[in-house]
Amino acid sequence: MTTTTARARLTARTSGADYRVDLDDGGGHTWQADEPASLGGGDTAPTPDHLLLSALGACTAITLRMYAVRKQWPLESVEVELALDPDGKPATGTDIARTIHLRGPLDADQRERLLQIANACPIHRLLTGEVRVASTLAG
């Protein structure tokens, strides 16, 4: 990955402890991922599935707050509940159930517009759009 126009960068390194992975964004933020003990991990951090859902949840909440602030709407808080394949693994594809709780004295039109905005948040668009993953081996 040598391009300088990337929207985001991340390095993931195994730490030698079971399946724990150290993640670093190069901007001073580090976090981890792991697998539960039932899958051979140490259960020391969220699973990759949880990290994926956290990206969508965070993006949804942030996007809605930003929009409401810009419109000067009375949105007091946002809570986003997410489930990956809530009814079990489907025959094809993947299902994500997202329930958005909006708190504050919003009218019906504002609530409907915020749902439209949630469906246009950058991570939602990424997950529902065409994604290409180009993998190479280094050295």
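What to note about this one:
- Filter result (touching a Phe, Trp or Tyr at 6+ places or on another chain (Cβ under 9 Å) and either within 11 Å of residue 56 (Cβ to Cβ) or of a type in the set (S, T, N, Q) (or both)) within the stretch 67-117: 110
- Being touching a Gly at 6+ places or on another chain (Cβ under 9 Å) and surrounded by 15 or more Cβ atoms within 10 Å (Cβ to Cβ) is a condition met by no residue of the stretch 49-61.
- Failed item, numbered, when residue 133 is tested on (1) in contact (Cβ under 8 Å) with a residue 12 or more places away in the chain; (2) under 20 Å from residue 54 (Cβ atoms): (1)
- Residues of the stretch 117-130 that turn out to be surrounded by 10 or more Cβ atoms within 10 Å (Cβ to Cβ) and free of Cβ contacts under 8 Å to residues at least 60 places away in the same chain, as a count: 7
- Residue within the stretch 27-36 that is out of contact with any Gly (no Cβ under 8 Å at 6 or more places or on another chain) and among the charged types (D, E, K, R) present: no
- Some residue of the stretch 41-55 being touching a residue at least 40 places away in the same chain (Cβ under 8 Å) and not in a helix (DSSP H, G or I): no
- Residues that are in contact with a strand residue (DSSP E or B) (Cβ under 8 Å, 6 or more places away or on another chain), within 23 Å of residue 75 (Cβ to Cβ) and among the hydrophobic types (A, V, I, L, M, F, W, C) do not occur anywhere in the stretch 119-136.
- Here the condition is being under 30 Å from residue 11 (Cβ atoms) and modelled with pLDDT of 95 or more; of 139, 40, 57, it holds for 57 alone.
- Yes/no for residue 68 being surrounded by 15 or more Cβ atoms within 10 Å (Cβ to Cβ), assigned to a loop (DSSP other than H, G, I, E, B) and not basic (Lys, Arg): no
- Residue, surrounded by the most Cβ atoms within 10 Å (Cβ to Cβ), within the stretch 23-43, restricted to residues that are of a type in the set (D, E, K, R) and closer than 20 Å to residue 6 by Cβ: 24
The values are calculated or read from the model by the stated rules, or taken from the named source; none is laboratory data. Note that the structure is predicted; figures quoted are calculated from it, not measured. Positions of Cβ are generated from backbone atoms using ideal geometry, with glycine treated the same way; all protein chains shown enter the neighbour counts.
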